[in-house]
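Presented below is the structure to which this report refers.
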Amino acid sequence: MWRVMRKFSVNALKLSSLCSQHVCFRKPEVMVLSVTQQNSSERNYSSPPGDVKSLRSVINPHISRIRNIGIMAHIDAGKTTTTERMLYYSGYIRTLGDVDDGDTVTDFMVQERERGITIQSAAVTFDWKDYRINLIDTPGHVDFTVEVERCLRVLDGAVAVFDASAGVEAQTLTVWRQADKHQIPRICFLNKMDKNRASFTYAVESIKQKLKTKPLLLQLPIGEAKTFRGLVDVVTKEQMIWKPTSDLDDGKFFEQKPLLESDDPSLFQEVQDARNTLIEQVADLDDEFAELILGEYSENFDLIPSDKLQSAIRRVTLAQKAVPVLCGSALKNKGVQPLLDAITMYLPAPHERSYEFLQWYKDDDLCALAFKVLHDKSRGPLVFIRIYSGSLKPQSAVYNINKSCTERMSRLLLPFADQQIEIPSLMPGNIALAVGLKQSATGDTLVSSKASAVAAARQAGRSAGGEQRNTGDIESLLLAGVEVPEPVFFCTIEPPSMAKQQDLDNALSCLQREDPSLKVKIDPDTGQTILCGMGELHIEIIHDRIKREYGIETYLGPLQIAYRETILNAAQATDVLDKVVGDKRHFVTTELEVRPVSGERTVTKPIIEYAQSVIEVLPKELQEAIENGITNSCVQGPLLGFPVQDIDVTVQSLTVHPDTSDTMISACISRCLQKALKKAGIQILEPLMSLEITVSEDHLSAALADLAQRRGSIQEIQSRQDNKVVIAAVPLAEMMGYSTVLRSLTSGSATFTLELASYQALNSQEQSALLQRRMGLV
Ligand SMILES: Nc1nc2c(ncn2[C@@H]2O[C@H](COP(=O)(O)OP(=O)(O)OP(=O)(O)O)[C@@H](O)[C@H]2O)c(=O)[nH]1
């Protein structure tokens, strides 16, 4: 049972389950925070370090004291255990759990079902010493570009957790490269130092080789594998030894004292050498520090004050010139407190990151990103928000740029400790949960008002070179979130019985708000529900979540590619509708002309025009009925039922009997358009993907040979450190199961991202082969 649960925790979000175990274990109480009324005895802390209690009353700490971080790790490297220890030492949870002990998770599932909240939580807030740490969940599946990018957007820094016996593994490599792209400063934590075959040297070497980064060794282990008992801080030359002080060996207390030569001469020498190497490395990367050591301390590096070295390490970490490396054993409760110190010391505060879009907003104008939506049956959608500028207050209205609507939030909550605390305001750099936003979904940008969005749009327009754009276009520039690509795969989904259809519809509508890349539609012919997603894995996960979180066992049809249809030529068609319903005669005649639209940009909605003779006499009310008919007809093309794009429709003539309903007008127009499209000759378009593969030189030719067999066209091969980055365009139809093939071709060393680039025409042979397949003839 536990194994099963552990697996989906892997697939879903491990931090989520932690948050859920500890935050949502009981019905979350919402309490209005009143600093003066707080009674410390009510809290759930077990001798928290530092002055956590008083800090907890600080709703908006100074921005320099905030750290928004994520933890990235390969499966089983110890992300959950490390996170759990962080929450324990910070006083967030009272008892240390073991991920291999399933009881708590089972309990949590029961609670979760009773409370009706979905499992996932996006962030957990806790204080360490005098810092506010928001631990933001990083997605379990790097295959979801949208999900990963959304998440990286709200992180200011990250901790990469490694299994010290395994070094850098595939999944870490992928996320590491994504973090490189988003320029996120990082710290490495070599976990599992207690494990047989754990090797500090091997793991550091693997970081150097595989991640092509400069590791800064800030600690050295004392002992390795079974003998691992502590570590030495290379900067301060202090040793930290964890010794069980009571039956409860929770690692909370450890001995910290200067390492003396008499304690261990060879370790002392190692630390001395490591410190000198560290100083030289940092001096090479930081001019300010180089000047300092060449001047005052050139005679004796030992005299360099630790705080000067720490500040220089911070600067090179923030500039991503090097990565601090720490070590420990989360399971054996060693090394996590120094890791927390390093997070506060070396990772950036929100204002130390540069966010390009902020230049478009005035200083105190709100700019916030909704980065996760949770569904709570009693309180409705809870939206996780990160503020970049301005402030948020409960009962205030915000303008959602993506949805072009104004919404009012009723309350603001901090996901703090075991409660969600109601707060009166939220300042830049912070993260909170908003209650009452009905429209906002994952990835939406929230600003203070429409006027502020338009002003920022103008500013963005000016920065983009003052091109004339309409406001709608410019607004799309403003998305602090990520643009959602069109889904490229689809399949039918069916509930186990008709009685469950309503539940399935509800589940899908909740999931859609959380995940903007998921689309759901109804097949107009069969009435079946259709799921449209970004990839094989995406659809699989949605299927799994419906079962796991909503308790509905569904059946998926075969996975299909979302083609498009367009026309080859111009054509005209006429149609007549003459129907008597009750005592009314509905009579319409029409003539339509269709023409292909060519250009670089895809035109997904039909361009609608009217002949002069029609526009002169056309009442405004009928225009909507006509345009509905045209738009509906384009949803399903005449050849295979895929959406029709890149067409221009001109209404050449229209006669309508006075009693005719709008529905009949739409129906006649729609049918006439289908006739015209058929006459114009249908061309099927297939999704063409932009593929980026990062591969070592040794495996480059194997990857290229494979691409050639997939109708791929190579556009560019770049060099990135010792790796090659292949940029290619490949039809999606050739990409099924690609991750498995690439893994075996490159011994798991290559990574790739896949994104929709455009739609390209199938040639006549490919088109007729597809038609035959769809008709079941082959
Ligand atoms: N020996 C040893 N085992 C550890 C350590 N940390 C975690 N583990 C074990 O490694 C396994 C995976 O730990 P998790 O914390 O679940 O790792 P994770 O990275 O969250 O795993 P996934 O969520 O499955 O990706 C569990 O059996 C842990 O008990 C450690 O420091 N030493």
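Coordinate-derived values only; no laboratory data. What you see is a predicted model; the values in this text were computed from it and never measured. Here the Cβ is made from the backbone with ideal geometry for all residues, glycine too, and neighbour counts use every protein chain on show.
The table that follows gives values for the structure above.
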| read-out | value |
| --- | --- |
| Which listed pairs, of Lys226/Lys334; Lys500/Lys547; Lys181/Lys210; Lys500/Lys521; Lys129/Lys393; Lys214/Lys334, have C-alpha distances above 20 Å, in listed order | Lys129/Lys393; Lys214/Lys334 |
| Alpha carbon centroid spacing (whole Å) that separates segment 626-657 from segment 497-576 | 22 |
| Sequence ranges 200-206, 665-671, 426-432, ranked by mean other-Cβ count within 10 angstrom, highest first | 426-432, 665-671, 200-206 |
| Förster radius 51 Å - calculated FRET efficiency between Ala705 and Gln269, Cβ distance, rounded to 0.05 | 0.50 |
| In nm, spacing of pseudo-spin labels at Ser768 and Leu537 (7 Å Cα→C-beta vector) | 3.9 |
| Along each principal axis, Cα extent of segment 358-432, largest first, Å | 36, 26, 20 |
| Virtual paramagnetic centre 7 Å along Cα→Cβ of Asp698, amide N under 19 Å, in segment 195-230 | 202-213 |
| Three-way shape call for segment 263-328 based on the alpha-carbon gyration tensor, with the a/c threshold at 1.5 | oblate |
| Debye, to nearest 20: dipole size of segment 183-341, +1 on Lys, Arg Cβ, -1 on Asp, Glu Cβ | 1000 |
| Added length on full extension, which subtracts the Cα-Cα distance from 0.36 nm per residue, Ser713 to Ala225 | 170.8 nm |
| Stretchable slack from Glu734 to Ile615, in nm (0.36 nm times residue separation minus alpha-carbon distance) | 38.1 nm |
| R0 of 25 Å, Cβ-Cβ distance Ile241-Ser306: FRET efficiency to nearest 0.05 | 0.80 |
| Tyr399, Tyr563, Tyr92 arranged by Cβ crowding within 10 Å, fewest neighbours leading | Tyr399, Tyr563, Tyr92 |
| Pairwise centroid distance, computed over Cα atoms, of segment 266-302 with segment 356-398, Å | 45 |
| Environment charge of Thr529, counting only residues whose C-beta is closer than 15 Å and scoring Lys/Arg +1, Asp/Glu -1 | -3 |
| Charge sum, other residues only, whose C-beta stays under 9 Å from Ala225's C-beta, Lys/Arg counted +1 and Asp/Glu -1 | +1 |
| Segment 174-288: radius of gyration over Cα atoms, expressed as a fraction of 2.2 N^0.38 Å | 1.21 |
| FRET efficiency, Gln528 to Lys605 (Cβ-Cβ, R0 22 Å, nearest 0.05) | 0.35 |
| Cut-off 15 Å between beta-carbons: net charge of the residues surrounding Ala434, Lys and Arg +1, Asp and Glu -1 | +4 |
| Point-to-point label distance, Ile75-Ser262, nm (Cα→Cβ direction, 7 Å offset) | 5.3 |
| Fully extended contour minus Cα-Cα distance, from Ser758 to Leu568, at 0.36 nm per residue | 66.6 nm |
| Check: segment 624-749 dipole with +1 on Lys, Arg Cβ and -1 on Asp, Glu Cβ, in debye | 400 |
| Distance in nm between pseudo-label sites at Arg585 and Asp503 (7 Å out along the Cβ direction from Cα) | 5.3 |
| Rounded to the nearest 20 debye, dipole of segment 233-321 from Cβ charges on Lys, Arg, Asp, Glu | 280 |
